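Trainee: Please find one structure pasted underneath; my questions will follow.
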Amino acid sequence: MKLRRCLRAALLCLGAALLLVAPLARATATDAGAPAWVHAHAAYGEPKYGPGFSHFEYVDPAAPKGGTLRLKNPDRRTSFDKYNPITTRGNSPGGLVILVFETLAFASGDEPQTMYGLLAEAMQVAPDKSWVSFRVHPKARFSNGDPVTAEDVKHSFEVARGKFASPTYRSLFEGVSKATVLDERTIRFDLSDASSDMLYTLGTNLLVFSRKWGLGPDGKVKPFDQVVTDLPIASGPYKIGPIDPGRRIEFVRDPAYWARDLPVRRGMFNFDRVVYRYYKDDTVATEAFKAGEYDMVRVYGARTWNRQHKGPKWDDGRIRKELFETGFGQHMQAYDFNLRRPIFQDIRVREAIGLAYDFDTVNNRFKMYRRAHSMFNNSEFAAEGLPSEAELKLLEPFRKELPPEVFGPAFRAPGTDGEPAKLRANLLKARKLLEEAGWKLGDDGKLRNAKGEAFEFEYLSPEEGARMADWEKNLAKLGIAMKIRQVDFALYRRRLENYDYDMIAIVEGRFTLPEAQSYLRLYGSKSADEKGNSNFRGVKSPAVDHLIEVMNNAQTLEELKTAARALDRVVMWNHWQVPDLYFSRLPTSWWDKFGMPTTMPKYYSIDSPNDVQPAWPILTWWIRDPAQR
């Protein structure tokens, strides 16, 4: 049986490779002078897997099919009321994007910003990245049996850019100026943002669906905001099965799935059914997991991980737990100063407040987090040691506006190793900086400026500030009053949009390659004055604007590294934030019933509806014991 399965997999692999290579050869031969049609695109260099590859290394191509994977709601959504993940109103169920919809290309799990054709059998990229064409695979089919066409792709794009799509989804494609159908299977996108970031976003984020989705009894397609409970007509490996509205949804694997034997899909989607059950309370959900109501959970809270994910079932091996390591570059979780506030405009004040933050003592209670020292933690883009000659060439024109430390060793956040003596030394240094900045300690123990104004600021949060108690105490020793203001999320969001706060905590996410456009939103001078944008710090710096532009125009990976490392020095040594932590590991518990590939990907999630990188367990694991199916 095992031999037959291996032989069958080899034959399928050979067939798929021939299907892929032959059209590419024809296109290259007939389109003389035009860019070659390729099976994959990497932002820099060549893709790891060639045109004839059989499968990704982080799958098992002989993985058995069958069984049911049971999961809980993967994010804050506690119910669902629609099956349309693109519109604004309502909540769509977890798993929908991963299992039912597909994109033109699939993001590699072991290469930075590299995509392989999925719905598109091939892609053609302009040398200057000003346009890209995709050729739809001739075998691509929707769940109703219709072929996927270039017109369907264009329709999906127009909906994504339309008024009924959510702003978050719509913003992904702002850098695309036009979509043109060239023939039944070929579509071209012209890009106003001619960058690798835009190519990758377009290829891996545009959900493609049939023009017939939302077809009314009169034969006309409804306005897209009225496509709510119509089951999607998409091309993914699963269809929606039994539903308990708002509480439970089941996805059923399609045995006739069109791409099941393609290299980008071989060894994936091994469960016959994937079931999501929704819980409104995290404590109830944790107890349900212990009782075996679902099979796997990604844990987000340190207290939950350390205190609740243990006991007899973990001790005897029925449940396993692991901090799965990933290779994602990690931006900071940091406490951002609002530089629009006069109290934070002196760099010495910002540095002093950072010296009072004792990360090590807080983290020793949980032992889960790592200290952020960079914009680009866990990656080769973080500044190290002294600036290189190439970095200095970028930094030198702005020497007068930059702190002198930018031209020395890379930034390291102050630490204490949990030792009181080191904390005292940090506080003494902070006191000296504050005095130099004109703040003096009054007889009442409060720090005051020359006008007699007390040093007070507010930390705004939508959650309880339990981790702030030590910091408040240390700042009080300096005469500074940090007040915690907890508000509901709606008010918090409104105040963020209007930049109405003193300090906030922001998690800036992760990356495979740094994307210059995201730094324009976070640090660009223009965005500082645009309400509703993401320049929460209020940074306005010609040096930062220039370095982001250099990153955006980088033609080689080395150029991108140089610009990123220079930007890292500028951002960190200006103390525009108090760096807190980053988290490159994924705390996960699961019932010991699964087989998994021997090789892990570098970039992956456990169960997230929002990542383009593989949700590795959902895509590649399988039920190990047939009796447990």
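The values are calculated or read from the model by the stated rules, or taken from the named source; none is laboratory data. Because the structure is predicted, anything quoted here is derived from the model rather than measured. Every residue, glycine among them, receives a Cβ derived from its backbone with ideal geometry; neighbour counts consider all protein chains shown. To get the accessible areas, we keep the full protein, side chains included, count just its heavy atoms, and leave off ligands, DNA and RNA. Shrake-Rupley method; radii C 1.70, N 1.55, O 1.52, S 1.80 Å.
Trainee: Given the conditions (1) under 26 Å from ARG431 (Cβ atoms); (2) open to solvent by less than 60 Å² (accessible area, probe 1.4 Å); (3) at pLDDT 95 or above, report the number of the one that GLN345 does not fulfil.
Mentor: That leaves (2) as the condition not met.
Trainee: Would you point out which residue out of TYR276, TYR300 is open to solvent by less than 20 Å² (accessible area, probe 1.4 Å), of a type outside the set (S, T, N, Q) and either part of a loop (DSSP other than H, G, I, E, B) or touching a residue at least 40 places away in the same chain (Cβ under 8 Å) (or both)?
Mentor: TYR276
Trainee: Does the stretch 139-148 contain any residue that is without any contact (Cβ under 8 Å) to a residue 24 or more places away in the chain, closer than 27 Å to VAL228 by Cβ and in a loop (DSSP other than H, G, I, E, B)?
Mentor: Within the stretch 139-148, one or more residues are without any contact (Cβ under 8 Å) to a residue 24 or more places away in the chain, closer than 27 Å to VAL228 by Cβ and in a loop (DSSP other than H, G, I, E, B).
Trainee: Could you tell me which numbered condition TYR83 fails, if it satisfies all but one of (1) in a strand (DSSP E or B); (2) over 21 Å from the mean Cα position of the chain (by Cα)?
Mentor: (1) is the only condition that TYR83 fails.
Trainee: Let me ask you something else. What residue, among those in the stretch 400-451 that are free of Cβ contacts under 8 Å to residues at least 12 places away in the same chain and aliphatic (A, V, I, L, M), is nearest to ASN364 (Cα to Cα)?
Mentor: By that ranking, first place goes to ALA421.
Trainee: Only one of (1) closer than 22 Å to GLU405 by Cβ; (2) without any contact (Cβ under 8 Å) to a residue 60 or more places away in the chain fails for VAL570. Which number is that?
Mentor: (2)
Trainee: So which residues in the stretch 83-138 are on the phi > 0 side of the Ramachandran plot and touching a Ser or Thr at 6+ places or on another chain (Cβ under 9 Å), if there are any at all?
Mentor: GLN113, LYS129
Trainee: Additional query: Which residue out of ASP417, ASP500, ASP470 is part of a helix (DSSP H, G or I) and acidic (Asp, Glu)?
Mentor: Just a single option satisfies the conditions, and that option is ASP470.
Trainee: Let me ask you something else. Would you mention how many residues in the stretch 534-562 are of a type in the set (A, V, I, L, M, F, W, C) and touching a residue at least 60 places away in the same chain (Cβ under 8 Å)?
Mentor: Qualifying residue count, the stretch 534-562: 7.
Trainee: Within the group GLY385, GLY415, which residue is open to solvent by 30 Å² or more (accessible area, probe 1.4 Å), in contact with a helix residue (DSSP H, G or I) (Cβ under 7 Å, 6 or more places away or on another chain) and not basic (Lys, Arg)? Break it down stepwise before answering.
Mentor: Working: GLY385 fails: in contact with a helix residue (DSSP H, G or I) (Cβ under 7 Å, 6 or more places away or on another chain).
The unique qualifying residue is GLY415.
Trainee: Take the residues in the stretch 79-108 that are buried (at least 21 other Cβ atoms within 10 Å of the Cβ) and among the aromatic types (Phe, Trp, Tyr); name whichever of them is modelled with the highest pLDDT.
Mentor: Residue satisfying both the conditions and the ranking: PHE106.
Trainee: Before we move on, is GLY385 at positive phi and out of contact with any strand residue (DSSP E or B) (no Cβ under 8 Å at 6 or more places or on another chain)?
Mentor: Considered against the rule, which asks whether it is at positive phi and out of contact with any strand residue (DSSP E or B) (no Cβ under 8 Å at 6 or more places or on another chain), GLY385 comes out as yes.
Trainee: Look through the stretch 154-174, keep the residues that are more than 20 Å from ALA194 (Cα to Cα) and in a helix (DSSP H, G or I), and return whichever of them is least open to solvent (accessible area, probe 1.4 Å).
Mentor: Result: SER156.
Trainee: Find the residue count for the stretch 505-533, including only residues that are touching a residue at least 24 places away in the same chain (Cβ under 8 Å) and farther than 23 Å from LEU491 by Cα.
Mentor: Going through the stretch 505-533 one residue at a time, the tally reaches 12.
Trainee: Answer yes or no: is there a residue in the stretch 59-68 that is in contact with a Gly (Cβ under 8 Å, 6 or more places away or on another chain), among the polar types (S, T, N, Q) and farther than 19 Å from PRO167 by Cβ.
Mentor: Scanning the stretch 59-68, I find no residue that is in contact with a Gly (Cβ under 8 Å, 6 or more places away or on another chain), among the polar types (S, T, N, Q) and farther than 19 Å from PRO167 by Cβ, so the answer is no.
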